[in-house]
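In what follows, a single structure is set out as structure tokens and then discussed.
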Amino acid sequence: MTLKPAIGAVLLLFSAGALAQSAPPKAVPVGVVEAARQPITRGSAFVGRIEATEKVDIRARVTGYLDAVLFKEGDTVAAGAPLYRIEKAPFEAALQEARGALVQAQGNYANASIQRQRADELVKTNATSIATRDERRAAETNAQGAVIRADANVNSAQINLSYTDITAPIAGRIGRSAVTKGNVVSPDSGVLTVILSEDPIYAVFPVSQREFLRVKKTEDKLNTDSLLVKLRFADGTLYPEDGKINFVDVKVDRGTDTVIVRAVVPNPHGALVDGEFVTVAVQGDTPDEKVVVPQAALIADQGGTYVFVAENGKAVVKRLKLGPEVGSNIAVESGLEGGEQVIVEGLQGLRPDAPVAPAPVAVAIPGG
């Protein structure tokens, strides 16, 4: 009789242990974000430099005393605007002298023509010799040549006089003047100042041969017209105007193994300055719709990259092929269709098919 209570107790404990072993594991609370489809613009970033589309070094073309500097350094000047004035008096005198020499040469030519005509008449009546007539003809030809030379000297003097007014050949922003009023300038004086065009402006950047080949493989035809160029300043500020590629170099730089690419960018307010560095992002103008997930959800192992998604109360593994980064998120090429509940919180110790209790979390997934 004394064994029955003990046996009952053992059976009760055994039953309780069996019930405890058969009880389902407790669901793990996890935070989830819906895998949303977003328009993603493919692109690549490069380091580039801003260059003016037109750049002119202003130099003196004649030697003379600098009479005036007619611009303000740093201002925007129009094409044809006066920049420097060289003293004109010596060049005006040279022009007058050349004109006088031309008149003298014309008088000599007129006289030589008359003498030749007389010799032509006299030789007909044997009043003069053929040798004399030939001398008169040669003298006339020489006089004609002197007129041509004198006329050329007049033109040269006029050109030199015009060079005393140095004007802007292009419109743009003018730099610092290397000389001031009172100096003697000449063609050997070097660059007096520089004019740089501002709108539009170039963004020039090197593209590695590897990247260039990748783009050519992914595109049936490299159509630069379909690409947008976006610039970002050194402080991270995005430049508001988009550019277009207008030139791809025909050769690869052997020293850097890169191809030089140039984009033309509107610069109506002069925000882009010749010589400054910028980040150049080259993107397609037509975005692709891709599934985007937070990078915090990604897990990597020997098999590649995957995420856990909550399906029917369980953690399910989804292997992914990843695309470009989109801020703190990443585009998915394959592995998700969109709408899946991707687990982003509570991943520590999570196992495949583990029961989960999903709850939405606020994680922004911006478009590309």
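The values are calculated or read from the model by the stated rules, or taken from the named source; none is laboratory data. Note that the structure is predicted; figures quoted are calculated from it, not measured. Virtual Cβ from ideal backbone geometry, glycine too; neighbours counted across all protein chains shown. Side chains are part of the model used for accessible areas, which takes the heavy atoms of the whole protein and leaves out ligands, DNA and RNA. Shrake-Rupley method; radii C 1.70, N 1.55, O 1.52, S 1.80 Å.
Is one or more of the residues making up region 20-41 of a type in the set (A, V, I, L, M), closer than 27 Å to V204 by Cα, modelled with pLDDT of 90 or more and open to solvent by less than 90 Å² (accessible area, probe 1.4 Å)?
Step one: filter region 20-41 for residues of a type in the set (A, V, I, L, M), giving 20, 23, 27-28, 30, 32-33, 35-36, 40.
With closer than 27 Å to V204 by Cα added as a condition, the list becomes 40.
Of the ones still in play, those that are also modelled with pLDDT of 90 or more are none.
No, there is no match, as no residue in region 20-41 is of a type in the set (A, V, I, L, M), closer than 27 Å to V204 by Cα, modelled with pLDDT of 90 or more and open to solvent by less than 90 Å² (accessible area, probe 1.4 Å).
When the residues of region 275-294 are filtered to those that are farther than 17 Å from D235 by Cα and open to solvent by 60 Å² or more (accessible area, probe 1.4 Å), which remaining residue is modelled with the lowest pLDDT? Even if it seems obvious, please write down each step before you answer.
Quick first cut of region 275-294, residues farther than 17 Å from D235 by Cα only: 282-294.
Okay, now just the ones that are also open to solvent by 60 Å² or more (accessible area, probe 1.4 Å), so 285-289.
Details: D285: 60, T286: 64, P287: 69, D288: 73, E289: 79.
This residue is D285.
So the check is Cβ under 9 Å with 6+ separation or different chains; which pairs have a first residue in region 335-352 that's free of Cβ contacts under 8 Å to residues at least 60 places away in the same chain and a second one that's of a type in the set (F, W, Y)?
Taking only residues 6 or more apart or on different chains, the pairs are G335/Y306; P352/F308.
Within region 44-91, which residues are assigned to a loop (DSSP other than H, G, I, E, B) and among the aromatic types (F, W, Y)? Working first, answer last.
In the first step, residues of region 44-91 are kept if they are assigned to a loop (DSSP other than H, G, I, E, B); the result is 53-54, 59-63, 70-75, 78-81, 87-88.
Selection gives F71 alone.
Looking at region 332-351, which of its residues are open to solvent by less than 50 Å² (accessible area, probe 1.4 Å), within 20 Å of G303 (Cβ to Cβ) and part of a strand (DSSP E or B)? Working first, answer last.
Pass one, region 332-351, residues open to solvent by less than 50 Å² (accessible area, probe 1.4 Å): 332, 335-336, 338-340, 342-344, 346-347, 350.
From what is left, the residues that are within 20 Å of G303 (Cβ to Cβ) are 332, 335-336, 340, 342-343, 347, 350.
The answer is V332, V342, I343.
Does region 240-253 include one or more residues that are among the basic types (K, R), under 16 Å from the mean Cα position of the chain (by Cα) and under 28 Å from P39 (Cα atoms)?
Yes, region 240-253 contains at least one residue that is among the basic types (K, R), under 16 Å from the mean Cα position of the chain (by Cα) and under 28 Å from P39 (Cα atoms).
Considering only residues that are open to solvent by 70 Å² or more (accessible area, probe 1.4 Å) and closer than 20 Å to A157 by Cβ, which ones fall in region 52-86?
R61, T63, Y65, R85
Tell me, yes or no, whether region 305-326 has at least one residue that is in contact with a helix residue (DSSP H, G or I) (Cβ under 8 Å, 6 or more places away or on another chain), of a type outside the set (D, E, K, R) and not in a strand (DSSP E or B). Break it down into steps so the answer makes sense when it comes.
Taking region 305-326 and keeping what is in contact with a helix residue (DSSP H, G or I) (Cβ under 8 Å, 6 or more places away or on another chain), we get 307-308, 325.
Adding the requirement that they be of a type outside the set (D, E, K, R) leaves 307-308.
Still in the list and also not in a strand (DSSP E or B): none.
Taking every residue of region 305-326 in turn, none turns out to be in contact with a helix residue (DSSP H, G or I) (Cβ under 8 Å, 6 or more places away or on another chain), of a type outside the set (D, E, K, R) and not in a strand (DSSP E or B).
Given the options V264, V316, name the one that is under 27 Å from G339 (Cα atoms) and either open to solvent by less than 40 Å² (accessible area, probe 1.4 Å) or of a type in the set (A, V, I, L, M) (or both). Let's see the steps before the verdict.
On the way: V264 fails: under 27 Å from G339 (Cα atoms).
Just a single option satisfies the conditions, and that option is V316.
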